[in-house]
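Report on the following structure.
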Amino acid sequence: AEAAESPGDPGTTSSRPLFAGLSDISISQDIPIEGEITIPVRSRIRESDSSTLNESVRNTIMRDLKAVGKKFMHVLYPRKSNTLLRDWDLWGPLILCVTLALMLQRGSVDGEKDGGPQFAEVFVIVWFGAVTITLNSKLLGGNISFFQSLCVLGYCILPLTVAMLVCRLVLLADPGPVNFMVRLFVVIVMFVWSIVASTAFLADSQPPNRKALAVYPVFLFYFVISWMILTFTPQ
């Protein structure tokens, strides 16, 4: 009688093919291999709701306007939130920048000066300042992206845009000390509001030992815009 081969014997395993016996395995013809993959109804509804390819232009514009309006509310009621950082966009900053530049544009009697340089000056100062602060934040080790920082800085111009609107209305009255004091008070309040709102969104994105270095350029940025608003005098 032949001795039974031990499964642990290396001599027997090396002489036998690795996939020996697989050829004897057969698949029964009775097993169905055809079928269809169905998607649950809830998944289809969720995908159709989240898809924006088939929505109309009107719905797209209204959705974007609602998103911009929600971000405006976050700036008007500043609190620590990542809404501006998570769902960032540049539509709001662009609208605020253009509005502020138009209100700061001086009307000139001289036909050769149509106010173009004033508009370009405000536009360049706002965007160049925002880009500079963003680069400073990244160099200090901030953990937010370039466009997230631009979004926060741009949306936080909203209080200063409101200050510019109030100052334009106050300037319709007779100039004097009272007129200047009212404008000074409004600009200071809105300046502080912009600082508080921007730091509420950007404070946690900076290293703890470098927060002062990150906030100082923000202070200068909004101070320059506030000074332009305060010293504005229509011609």
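Observations, loosely collected:
- The residues Asp89, Asp174, Asp204, sorted by heavy-atom accessible surface at 1.4 Å with ligands and nucleic acids left out, run Asp174, Asp204, Asp89 from largest to smallest.
- For Glu55, distant residues with modelled amide H under 5 Å away: none
- Sorting the segments 142-152, 64-74 by their residues' average number of neighbouring beta-carbon atoms within 10 angstrom, most packed first, yields 142-152, 64-74.
- Ratio of Rg to Rh for the range 134-189: 1.25 [Cα atoms; Kirkwood radius as inverse mean 1/r over pairs].
The values are calculated or read from the model by the stated rules, or taken from the named source; none is laboratory data. The structure displayed is predicted, hence computed values, not measured ones. Don't worry about glycine lacking a Cβ; one is built from the backbone with ideal geometry, like all the others, and counts go over all protein chains shown. Just so you know, the surface numbers come from the protein's heavy atoms only, side chains and all, with ligands and any DNA or RNA stripped out. Shrake-Rupley method; radii C 1.70, N 1.55, O 1.52, S 1.80 Å.
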